[in-house]
Amino acid sequence: MTTHRFPPGFLWGAATSAYQIEGSLDADGRGPSVWDTFAARPGTIEGGGDGSRACDSYRRWDRDVELVAGLGLGAYRFSVSWSRILPQGRGRVEPRGLDHYERFVDALLARDVTPVLTLNHWDMPEALLADGGWVGRSSVDAFTEFAAAVADRLGDRVHWWITQNEPWIIALLGYQLGLHAPGVRDLRASVAAGHHVLLGHGAGADVIHARAPQARVGCALSLFPCDPASDDPADLAAARGSDGYVNRWYLDPLLGDGYPADMWAHYERALGGLDDIIRPGDAELIGGRSDFLGVNYYTRRVMAAAQPGPGRPFPWRVVGPSGDVTRTDEGWEVAPDSLRDLLIRLHHDHPGVPLMITENGAVYGDTPTHDGLVHDQRRIDFLLGHLRAVHQAVDAGADVVGYLHWSLLDNFEWALGYRPRFGLVHVDYPSGRLTVKDSGRVYARIAATGQLPDTRPTVPPFG
Ligand code: FCB
């Protein structure tokens, strides 16, 4: 008989990132980040928003700590704003930035909340663009300085470290399609950026381990299982190819297997060689340093074969699921079974690597109703479905150590601005008022009991 109990010590938490919630972009000596300048360019952000105010979390950090603790969450994933620590990208470290995160971490620990600290959640200091941002190999040294400064200050009390958030998304949206900062559109640049992000993980992990031997260091990957649109061998090859591009290109080197040969061949065909970017010995600088793998999971990709052409460097395309599927308000298919299969696959392909769900969540636009509450039933269903999937993977042997929901708060969703709402907690941006959604209340109950309800739960009170 299956119990719906999670393993003892399982981390229940929620996640955010600095630029998406903090605001206070000029406080305490912070330097500009690539997102400040990108968001200031007309047309880059839906609705024209930016991170200048967001959830006001830099000033109201104690409110956030109370919220996390009040929900009974045992873990909180947040990121350290890179340009608050190294305002010019290299050299001078700003102690006021470190003071802020030290206060914050101490407050979490005082409330028995385990901090899960992300270093690079995309807000690279603007000054580093002089050398191409992540395209320049010097970005690896710059990132290592950042990792060292934060580990020097917090290595004695933060035990869970995430070096990089979503290398593929940085490479794809930041450097291939130009939809995120710094807005570059160049396939070769994107391969270089992705490679340097991975080298940064390796070098960053080394400096953290040297300063904090008990630290557990990982990288958070955006993993999208790729399914074929049909059983036609061409579609099967498309799904396999896309899996190389999105998932294995990052998973394999991180977990010590080097870059996958099939995707290497696709890049060589598209770019005529990678030797000027990926040097002999680089694989050894990336692999073998991850104490766990961060899994960010949102949906799957359904793939079909296609001719490469302008805007399509590889022989595949996303066609999406056929038939009537459940979707979030952003149109993404709700596919919890793919999360279960992904976790089991990771367990088989990379045995011995603990897995942490570092992000999982959905856009639902619910806002307060007549009673002042947010009845986001679809997020409750999403949450329960995905937690069941995690539980099934655990039953099948996967070593999953925690689940961090994206996100604690509605926040600045990058190029989509403030429209998509991912939070367990609703944010009324003009007034700053927070309302714990029904999903937040249900999640608090699950976190407190470590157990999933068998039937649709009633919504418990909060506070
Ligand atoms: C991920 C990002 C996170 C948030 C969610 C919705 O790709 O890591 O910051 O934007 O998607």
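Results, tabulated for the structure shown:
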read-out: Near pairs, Cβ below 6 angstrom, 6+ apart or cross-chain, from the range 211-223 (over 15 Å from Val150 (Cβ atoms)) to any residue that is within 11 Å of the ligand (Cβ to nearest atom) and among the aliphatic types (A, V, I, L, M); value: Gly218/Ile162; Ala220/Ile162; Ser222/Ile169
read-out: Flag if Ala181 is open to solvent by 10 Å² or more (accessible area, probe 1.4 Å), closer than 19 Å to Leu86 by Cβ, within 16 Å of the ligand (Cβ to nearest atom) and not β-branched (Val, Ile, Thr); value: yes
read-out: Hey, Val246 open to solvent by less than 10 Å² (accessible area, probe 1.4 Å) and in contact with a Leu (Cβ under 9 Å, 6 or more places away or on another chain) or not; value: yes
read-out: Any hit, the range 102-111, residues being in a loop (DSSP other than H, G, I, E, B) and modelled with pLDDT of 95 or more; value: yes
read-out: Of the criteria (1) on the phi > 0 side of the Ramachandran plot; (2) more than 14 Å from the ligand (Cβ to nearest atom); (3) not in a helix (DSSP H, G or I), which one Leu73 fails; value: (1)
read-out: Whichever residue in the range 27-49 is in a loop (DSSP other than H, G, I, E, B) and in contact with a Ser or Thr (Cβ under 9 Å, 6 or more places away or on another chain) and, among such residues, is surrounded by the most Cβ atoms within 10 Å (Cβ to Cβ); value: Arg30
read-out: Meets criteria (over 16 Å from the mean Cα position of the chain (by Cα), more than 16 Å from the ligand (Cβ to nearest atom) and not in a loop (DSSP other than H, G, I, E, B)) for Ala398; value: no
read-out: Residue match in the range 397-405 (condition: among the charged types (D, E, K, R), surrounded by fewer than 23 Cβ atoms within 10 Å (Cβ to Cβ) and modelled with pLDDT of 95 or more); value: yes
read-out: Count of residues meeting criterion [aliphatic (A, V, I, L, M) and either more than 29 Å from Phe6 (Cα to Cα) or more than 10 Å from the ligand (Cβ to nearest atom) (or both)] in the range 354-370; value: 3
read-out: Arg248 closer than 27 Å to Arg289 by Cβ, away from the ligand (no atom under 16 Å from the Cβ) and in contact (Cβ under 8 Å) with a residue 24 or more places away in the chain; value: no
read-out: Residues that are under 27 Å from Ser242 (Cβ atoms) and either without any contact (Cβ under 8 Å) to a residue 60 or more places away in the chain or of a type in the set (Ser, Thr, Tyr) (or both), drawn from the range 140-172; value: Thr163, Gln164, Ile169, Ile170, Ala171, Leu172
read-out: Residues of the range 24-58 satisfying the condition of being within 16 Å of the ligand (Cβ to nearest atom) and either farther than 21 Å from Pro182 by Cβ or touching a strand residue (DSSP E or B) at 6+ places or on another chain (Cβ under 9 Å) (or both); value: Ser33, Val34, Gly51, Ala54, Cys55, Ser57
read-out: Leading residue by the ranking (nearest to the chain's Cα centre (by Cα)) among those in the range 291-327 that are more than 14 Å from Phe224 (Cβ to Cβ) and within 16 Å of the ligand (Cβ to nearest atom); value: Gly294
read-out: Residue within the range 59-67 that is under 18 Å from Trp160 (Cα atoms), in contact with a strand residue (DSSP E or B) (Cβ under 7 Å, 6 or more places away or on another chain), open to solvent by less than 30 Å² (accessible area, probe 1.4 Å) and not polar (S, T, N, Q) present; value: no
read-out: Residue count, the range 190-221 (criterion: more than 26 Å from Pro313 (Cβ to Cβ), in a strand (DSSP E or B) and open to solvent by less than 10 Å² (accessible area, probe 1.4 Å)); value: 2
read-out: Residue in the range 1-15 that is in a loop (DSSP other than H, G, I, E, B), open to solvent by less than 50 Å² (accessible area, probe 1.4 Å), of a type outside the set (D, E, K, R) and touching a Pro at 6+ places or on another chain (Cβ under 6 Å) present; value: no
read-out: Residue count, the range 409-425 (criterion: within 26 Å of Trp12 (Cβ to Cβ), touching a Gly at 6+ places or on another chain (Cβ under 6 Å) and either near the ligand (Cβ under 8 Å from one of its atoms) or open to solvent by less than 10 Å² (accessible area, probe 1.4 Å) (or both)); value: 6
read-out: Some residue of the range 79-101 being farther than 27 Å from Ile170 by Cα, buried (at least 21 other Cβ atoms within 10 Å of the Cβ) and in contact with a Leu (Cβ under 9 Å, 6 or more places away or on another chain); value: no
read-out: Conditions (1) hydrophobic (A, V, I, L, M, F, W, C); (2) part of a helix (DSSP H, G or I); (3) in contact with a helix residue (DSSP H, G or I) (Cβ under 7 Å, 6 or more places away or on another chain); number of the one not met by Ala239; value: (3)
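Table: residues versus (1) in a helix (DSSP H, G or I); (2) modelled with pLDDT under 95.
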{"residue": "Arg378", "(1), (2)": "yes, no"}
{"residue": "Asp381", "(1), (2)": "yes, no"}
{"residue": "Gly385", "(1), (2)": "yes, no"}
{"residue": "Arg388", "(1), (2)": "yes, no"}
{"residue": "Val394", "(1), (2)": "yes, no"}
{"residue": "Phe412", "(1), (2)": "no, no"}
{"residue": "Gly423", "(1), (2)": "no, no"}
{"residue": "Asp454", "(1), (2)": "no, yes"}
{"residue": "Pro460", "(1), (2)": "no, yes"}
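A quick yes/no check of all residues on (1) within 17 Å of Ser290 (Cβ to Cβ); (2) charged (D, E, K, R); (3) more than 15 Å from the ligand (Cβ to nearest atom):
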residue	(1), (2), (3)
Pro115	no, no, yes
Leu119	yes, no, no
Gly136	no, no, yes
Trp160	yes, no, yes
Thr163	yes, no, no
Glu166	yes, yes, no
Ala171	no, no, no
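The values are calculated or read from the model by the stated rules, or taken from the named source; none is laboratory data. None of these values were measured; they are calculated from a predicted model. Every residue, glycine as well, gets a Cβ built from its backbone with ideal geometry; the counts of neighbours run over all protein chains shown. These accessible areas exclude ligands, DNA and RNA; they are computed on the full protein's heavy atoms, side chains included. Shrake-Rupley method; radii C 1.70, N 1.55, O 1.52, S 1.80 Å.
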